[in-house]
Amino acid sequence: MTGWDISPTGVQSVISNVREAADGMNAGIGLYGRSVQGAMGAAGTLSFGGEGVGAGAAGLVAVALGKFVAGTETDVAFLPLRASNSANGAVEATNAYVSGSLEQAWNAQRQATLPPDVTAFLEAARKKADEKADGKS
């Protein structure tokens, strides 16, 4: 733990760049989600027994897109979550370093290298979305 030479202003500059990039990722992910929803809606439906288009189930393309999104959801959520955890860990480690607590700085740095719990993040996001849809928040 000895020999650290951290420049708080340098860390602040890098964190600013990381957060800006994470904001861009989040915007891109939002656009991706809206685009997939639009594509799924435009993909048409399957008709059964000569019934009209409105009486069918989701079309094969829409089903395939839904399965693709479900299969890549964890990977897509990982990127901005990882960036955020790393940035927050760097800030915590720098603050601890500045206050003279090298052990706390080391612990914050170590915690920041751990992979984020994407499953818990997605569950919380789904719960929040459900509550919003139900008008509870």
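What to note about this one:
- Along the axis of the charge dipole computed for the range 8-133 (Cβ charges of +1 for Lys and Arg, -1 for Asp and Glu, origin at the Cα centre), the listed residues P116, L79, V91 are led at the positive end by L79.
- 222 nm mean residue ellipticity, helices alone, for the chain (DSSP H n ≥ 4; -39,500 (n - 2.57); rounded to 500): -26000 deg cm²/dmol
- Counting other Cβ atoms within 10 Å as a rough exposure proxy, the listed residues T45, T74 run T74, T45 from fewest neighbours to most.
- Cα-based Rg of the range 83-137 normalised by 2.2 N^0.38 Å, two decimals: 1.59
- Rounded to whole Hz, the Karplus (6.51, -1.76, 1.60) HN-Hα couplings of the range 124-135, x for glycine and proline: 5, 5, 5, 4, 4, 5, 4, 5, 5, 5, 7, x
- Longest to shortest principal axis, alpha-carbon extents of the range 8-133, angstrom: 75, 24, 24
- Only Lys, Arg, Asp and Glu carry charge here, each on its Cβ (+1 for the first two, -1 for the last two); on that basis the chain has a dipole of about 200 debye about its Cα centre.
No value in this document is a laboratory result; all are computed from the given coordinates. The shown structure was predicted, so the numbers you read here are calculated from the model rather than taken from an experiment. Virtual Cβ from ideal backbone geometry, glycine too; neighbours counted across all protein chains shown.
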